[in-house]
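Before any comments, here is the structure.
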Amino acid sequence: MTLTKNSLGKLGLWTFQLDMQPMKEAQRAAAAIEELGFGAVWVPEAVGREPFASCGLLLSATEKLIMATGIASLHARSAMTMAAGQKTLTEAFPDRFLLGIGVSHQPAVEGFHGASYGKPYSNMVSYLDAMDRSLFFAAGPTEAPARCLAALGPKMLKLAAERTLGAHPYFVPVEHTSIARAAMGPDALLAPEQAVVFSTDPTEARAIARGFMSTYMGLPNYTNNLRRLGWGDEDLSTPNGPSDKLVDAIVAWGTLDDIHARIKSHLDGGADHVCVQVLSANPTAVTMNEFRELATLIPEL
């Protein structure tokens, strides 16, 4: 068996919450998430745990849950090291590790890693080439390791379809999904992230959403993508931050039915798998109650 776009199931979780717990607690939470029926958990790389080590520990605490990186930065390690990490986890946990690779963002690349951001698309092509020819003399996996790309624009989306399992778009409104599907064709994995807030109070929900969005609104990769989709200054930059309209487009909030409708919109637009990121007023807590609510949707999707 080889990990395919259908292996993930239609609903997964994208979360930094596990990084905020001691590892023993994170492992218990991962086991509980697996028991709820989610197909995959996506974890980031930026200012938290090293994702290969973290995924290995979480995989060891579960039996069938897929762990995915959303995303591992190509600037954080050489292509040979990235390929070795991928093969190590794939050999140890067959068909349960999906490597999401991205070019990250200029402030993070230059500020955190002291590297040159350069030309994102060209860097990714060269990096994938280097991964493909890298040496690995250890015991290897019996199945081909699976990877996907963090992709927003048409060139990176097409590259994701051509060179990997598919794409993992992050911080996108639902209209991006149908555009991404058209760019990649019918066969590639399309796994967008969708942030949600379980609150029916517009003021509370949008306050939590704006807090989440504040970092990303300062990153040109995301704002350029929003402009490409037709969002203008009147939505991107108001005295109170992004407009209510843009907040509502990026972060789904309300009842479980409201959140279900947003997830379904992505699936109807061509997504194979939607990884939901639950936001709350306490970003350090594991939102297990909300995960349980989301899990009730799995049989309906």
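For this structure, a couple of remarks:
- The label-point distance for N282 and E234, in a model that sets each label 7 Å from Cα toward Cβ, rounds to 4.1 nm.
- If you take all other residues with their beta carbon under 11 Å from the beta carbon of I259, and give Lys and Arg +1 and Asp and Glu -1, the sum is -2.
- The calculated FRET efficiency for the pair S126 and N224, based on their C-beta separation and a Förster distance of 22 Å, comes to about 0.50.
- Net charge of Cβ neighbours under 15 Å - reference T203; Lys, Arg +1; Asp, Glu -1: -2
- Prolate/oblate/rounded call for region 11-300, Cα gyration tensor, a/c under 1.5 rounded: oblate
- DSSP bridge orientation in region 11-300 - percent antiparallel, rounded to nearest 5: 5 percent
- Cα gyration tensor category, rounded, prolate or oblate, for region 13-63 with a/c compared to 1.5: prolate
- About the centre of its Cα atoms, the chain shows a dipole size close to 740 debye [charges on the beta carbon of Lys, Arg (+1) and Asp, Glu (-1) only; nearest 20 debye].
- Label-to-label distance, S78 versus K155, with points set 7 angstrom from Cα along the beta-carbon direction: 2.7 nm.
- Over the chain, Cα pairs under 8 Å with separation of 6+ residues give a relative contact order of 21 percent.
- 10 Å Cβ shell holding at most 11 others, DSSP loop, trypsin sites (Lys or Arg not before Pro): longest site-free stretch of the chain: 134-301
- Think of the chain as a dipole: +1 on every Lys or Arg Cβ, -1 on every Asp or Glu Cβ, centred on the Cα centre; then among A285, G102, V172, G102 lies furthest on the positive end.
None of the figures in this text is laboratory data; all of them are computed from the coordinates on show. What you see is a predicted model, and the numbers here were worked out from it, not measured in a lab. Cβ sites come from the backbone with ideal geometry, for glycine too, and all protein chains shown count toward neighbours.
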